[in-house]
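The structure appears right after this line, and notes come after that.
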Amino acid sequence: MPASAPQQEPRDGVERQAPSPGARGSLGRGLRRTVAGLLLGAGSSERFAWPVRLVPEPAREGPTLGAPAGPDRPSVVVRELRADDEEDWRALRLAENDRLAPWEATLPVGGGETLSAFPDFVRRQKRRARLGEAMPFVVEVDGAFAGQVAVDPITWGATRSAQVGYWIGGAWQGRGIMRLSVAMVLDHLLGPVGLHRVEINVRPDNERSLALCRGLGLREEGLRRGYMHINGAWADHVSFAALAEEVHGPDGVGFQQRLARG
């Protein structure tokens, strides 16, 4: 990253007064911040609000999703991953390791990459969220850490797209909680965030996740061979996607509304 940019003579023929030393220093610092932001892809302003807290939309929900929280309908919140989640995250992941390991992304040998400690991971993800590159979400059910939704990576420029992955603890599996959580995230990404396309890629033998994507009405785009390194080996994935115009166009229906309609 350059420490400063070279000064150039004005090209419009207008004579300019040289800035004072104090003003020159302020100008230099501002220029460095601008150049650094552009090189990082952040631009002059944040890409989206972060942190953000997502909750179901009562005005759009039908009898199932719109009913008050209670024994048969838990309170579901999707919010940012925080450093103080470490204890709950570790407890759940250790308890669920045998069930989740077959679907876990792993690092191929020879890439020089290593897994980060939890605090380092959270700090890096916060930084990437501020740069508009990722959204590390947690799913809370009745105030308990129940799982995660990862929006990673997010790309801008000519693509304006993102990929979404998720996992949930066994105690909350099969209750529609992750389906609702993913619906909230998709509505947010293709709405307020301003993305054009969102993908979810699923192992062909992951029946629960395939059912989630199909239940949300995501468009199935086909098989990607050797798409991701999973549980120690390269694995094929079925690709699902949604476009902003499919949700917000004349005939579009948001994902939470799709759930409410059944």
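The values are calculated or read from the model by the stated rules, or taken from the named source; none is laboratory data. Please read these numbers as outputs of a predicted model, since none were measured by experiment. Here the Cβ positions follow ideal geometry from the backbone for every residue, glycine too, while neighbour counts run over all protein chains shown. Note: areas computed on protein heavy atoms with side chains; ligands, DNA, RNA excluded. Shrake-Rupley method; radii C 1.70, N 1.55, O 1.52, S 1.80 Å.
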Check: Using a ≥ b ≥ c from the Cα gyration tensor of segment 72-161 (square roots of the eigenvalues), is it rounded, prolate or oblate, where a/c under 1.5 gives rounded and otherwise the larger of a/b and b/c decides, a/b for prolate?
Finding: oblate
Next item on the list: May I ask you to evaluate 6.51 cos²θ - 1.76 cosθ + 1.60, the Karplus curve with θ = phi - 60°, for each residue of segment 167-178 and list the ³J(HN,Hα) values in order in whole Hz, giving x for glycine and proline?
Entry: 7, 9, x, x, 5, 10, 6, x, 10, x, 5, 5
Check: Rounded to the nearest 20 Debye, what is the dipole magnitude of segment 109-222 about its Cα centre when Lys and Arg each give +1 and Asp and Glu each give -1 at the C-beta?
Finding: 260 debye
Item checked: Which of VAL198, HIS188, LEU223, positive extreme of dipole for segment 182-247 (C-beta unit charges) -> LEU223
Next item on the list: Taking every Cα atom in segment 105-262, find the radius of gyration and the maximum pairwise distance Dmax, and write them in Å.
Entry: 15.9, 49
Checklist line | Solvent-accessible ranking of ARG225, ARG73, largest area first, probe 1.4 Å | finding: ARG225, ARG73
Checklist line | Per residue, in Å², the accessible surface of segment 118-258 once ligands and nucleic acids are set aside, probe 1.4 Å | finding: 42 Å²
Next item on the list: Please report, as a whole percent, how much of the solvent-accessible surface of segment 112-249 comes from carbon and sulfur atoms (probe radius 1.4 Å).
Entry: 50 percent
Check: Taking θ as phi - 60°, what are the ³J(HN,Hα) couplings along segment 207-222 by the Karplus curve (6.51, -1.76, 1.60), each to the nearest whole Hz, with x for Gly and Pro?
Finding: 4, 5, 6, 4, 5, 4, 5, 5, x, 7, x, 5, 6, 8, 10, x
Check: If you take the charge dipole of segment 123-262 about its Cα centre, with +1 on Lys and Arg Cβ and -1 on Asp and Glu Cβ, which of GLY143, CYS213, GLY249 is farthest toward its positive end?
Finding: GLY143
Notebook entry, point to check: Considering the Cα trace of segment 141-232, what is its radius of gyration and what is Dmax, both in angstroms?
Noted result: 13.8, 41
Next item on the list: Using the Cα centre as the reference, give the magnitude of the dipole from point charges on the C-beta atoms of segment 177-243 (Lys, Arg: +1; Asp, Glu: -1; all else neutral), rounded to the nearest 20 debye.
Entry: 0 debye
